[in-house]
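The values are calculated or read from the model by the stated rules, or taken from the named source; none is laboratory data. None of these values were measured; they are calculated from a predicted model. Note that each Cβ is placed from the backbone with ideal geometry, even for glycine, and that neighbours are counted across all protein chains shown. We work out accessible area using only protein heavy atoms, side chains counted, and drop any ligands, DNA or RNA first. Shrake-Rupley method; radii C 1.70, N 1.55, O 1.52, S 1.80 Å.
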Amino acid sequence: MLIGAGKIEKLKGWLLDELYQKKLQSTTGFILLLVMSILTTFIITKTPSTFGLFIIGGLVGCLVLILAFVDSFFALTLAIIVSIVGNPIHKYLLRPIPFGVLVDVLIMINFIGCISMQLREKRWNTKTIMHPVTFVQIIFTLYMMLQFFNTNMHSHQGYFGVARRIPVFLAVYFIAIYNLNNIKFLKKFIVFWLVVALITAFYAFYQEFAGITNYELRYYNSNEKALKLVFIGGRFRKFSFFNDPTSFGIFMAISGLLFMVLSMGPFKTRIKIGLFISSLIMFIAMAFSGTRTAYAIVPIGIVIFALMTITHKRTLIIASFFTVVMAVILYGPFYGNRTINRIRSTFKFSEDASLNVRDVNRAFIQPYIYEHPFGGGVATSGVPGKIFNPNHYLAGFPPDSAYLQTAMELGWIGLFLMLLVAYVNMRTTIKGYYRSYDPKIKTYYLSFATVIFTIIVAQYAQYALSFTNRLFYMILLACIVKLIDFDKKPDSIEPQPSQ
């Protein structure tokens, strides 16, 4: 019995090592995958096609779940890819597919895997748990959970649709925190972000010059509300693989700023050139989206970049370049291009009637916000309010920004917590930039500060963090917490070429 128990423990340890440490990237893993391939082929040839496909789907699903359990990078990247690819599939099938549930499952399975690994290693990072960024995220999450008891809501159906995502985003943050033990995970994440941004940008180019595909036209012709948001001024706003032009445009804006700032860092010349060209491609794709918020936050991002690096020569170069580009776009002799005309309209505040309407709406709703410190409840304003709380005072009231929506639904207490989260995130990033020594680490902090600040500003105009954008954002927050751990002291840094 003792021998049998010892063998079982040894076998268990070997399996855990193959799954957690090697992640099937070994001879055993190769043999396992080979056996599964042979078994799948045998099943296909010996069973009816429908049953065979069902078995194959089950085997593939099991393999994906195992990989998602043991490999965080695989789980996170697959979750982001599914959140993007699910949009064109939904449009093609003309019916909603619960891809969001699949994303939640992938993330939570990996979260459980990370916890089990920590239990096995007995490695708990209490310093990270008590970090201000982590602390405010947990506080805001708890406040969202407490909103369940908000008596101003007439129905909890809309609340569950929003609240179920909050733990998922927090899990993404902790997964990234756990895996950021070395700079390798960060570099892989940046490369993945670059690839995703370029692919979605190039598809927007395809939509602009080759036209919207037939299945996309069929979808918008069957959905009048969506068509009104996409077809403006006699042309389609480009949305690429995203659900709408707004989320795509903001993703292109923050991605372009991220890689533009990274191109200024102490990297090899070919990498810097590639990153800068990539950022220009993303900015052009952003222009095709027709998203005014995205147009506005790009110069804002350049301003924060310039303020943080005001003493560097490269700052003058990049600021001068974009100043010239903006001057040409705004005042150049181009009058027939609809994309340029929409960009110009973004900065003509005196001619924007919607600003006056927003001011009137905000003044009207302020008494309600003052009288309800905990808000009217989740999913009680705007269109969701009409659906889930049709008789609510806020139902149908347009939340013209993330901040106003938070103030209405979560109260001024919720708004205060939201602003506190933004402040702590921005403060941590700026402090990390000025306290770090390694030029590469400083460049990462600078790029992250640019992205975080532009998102904070974009939230004033609308809800800027769509589902996919928030997944990227939560991983980015984990990066700003752990990045300082990779910093090197001056005596260990190799001399960098002058910028």
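Here each label is just a point 7 Å from Cα along the line to Cβ, and for R218 and K184 those points are 4.6 nm apart.
The stretch between I310 and N361 holds 14.5 nm of extra length on full extension. This uses 0.36 nm per residue minus the Cα-Cα distance. From the square roots a ≥ b ≥ c of the eigenvalues of the alpha-carbon gyration tensor of segment 251-342, which class results: rounded (a/c under 1.5), prolate (a/b over b/c), or oblate? Verdict is prolate for segment 251-342.
Computing FRET efficiency as 1/(1 + (r/R0)^6) for K127 and L63, where r is the C-beta to C-beta distance and R0 is 45 Å, gives about 0.80. Would segment 151-245 count as rounded, prolate or oblate if I go by the C-alpha gyration tensor, calling it rounded below 1.5 in a/c and otherwise prolate when a/b exceeds b/c, oblate otherwise? Oblate shape, in that a/c is at least 1.5 and b/c is the bigger or equal ratio.
Taking the mean number of other Cβ atoms within 10 Å as a proxy for protection, how do you rank 317-326, 257-266 from highest to lowest? Each step should come with its number before you reach the end.
Details: 317-326: 14.2, 257-266: 23.2.
Top of the packing list down: 257-266, 317-326.
Paramagnetic label reach from V162 (point 7 Å along Cα→Cβ; backbone nitrogen cut-off under 19 Å): within segment 239-266, residues 247. Take 102-115, 224-237 and order them by the average number of nearby Cβ atoms within 10 Å per residue, most first; the result is 102-115, 224-237.
Classify segment 152-200: rounded, prolate or oblate, from the alpha-carbon gyration tensor (a ≥ b ≥ c, eigenvalue square roots; a/c under 1.5 rounded; otherwise prolate if a/b is larger than b/c)? Taking the square roots of the gyration eigenvalues as a ≥ b ≥ c, segment 152-200 is oblate.
Extension gain for N341 to V328 (0.36 nm times residue separation, less C-alpha to C-alpha distance): 3.5 nm. For the set K184/K238; K187/K238; K268/K431; K228/K272; K187/K431; K238/K482, the pairs lying more than 32 angstrom apart at their alpha carbons are K184/K238; K228/K272; K238/K482.
Counting only protein heavy atoms and a 1.4 Å probe, segment 93-245 has 53 square angstrom of accessible area per residue. Between S116 and R270, full extension at 0.36 nm per residue minus the direct alpha carbon distance yields a gain of 51.3 nm.
Counting only protein heavy atoms and a 1.4 Å probe, tell me what percentage of segment 149-261's accessible area is made up of carbon and sulfur. Provide the component values of the computation, followed by the final result.
Values: 3010 of 4800 Å².
C and S fraction of accessible area: 63 percent.
With each pseudo-label sitting 7 Å past Cα toward Cβ, what's the F321-L227 distance in nm, one decimal? Calculated label separation equals 4.2 nm. In the neighborhood of G158, defined by Cβ-to-Cβ distances under 14 Å, what is the net charge if each Lys or Arg adds +1 and each Asp or Glu adds -1? It works out to a net charge of +2. Applying 1/(1 + (r/R0)^6) with R0 = 56 Å to the Cβ-Cβ distance of F416 and I31 gives a FRET efficiency near 0.45. For segment 252-286, which trypsin sites (Lys or Arg not before Pro) are in a loop by DSSP, counting at most 13 other Cβ atoms within 10 Å? Passing both the DSSP loop test and the Cβ count: K268.
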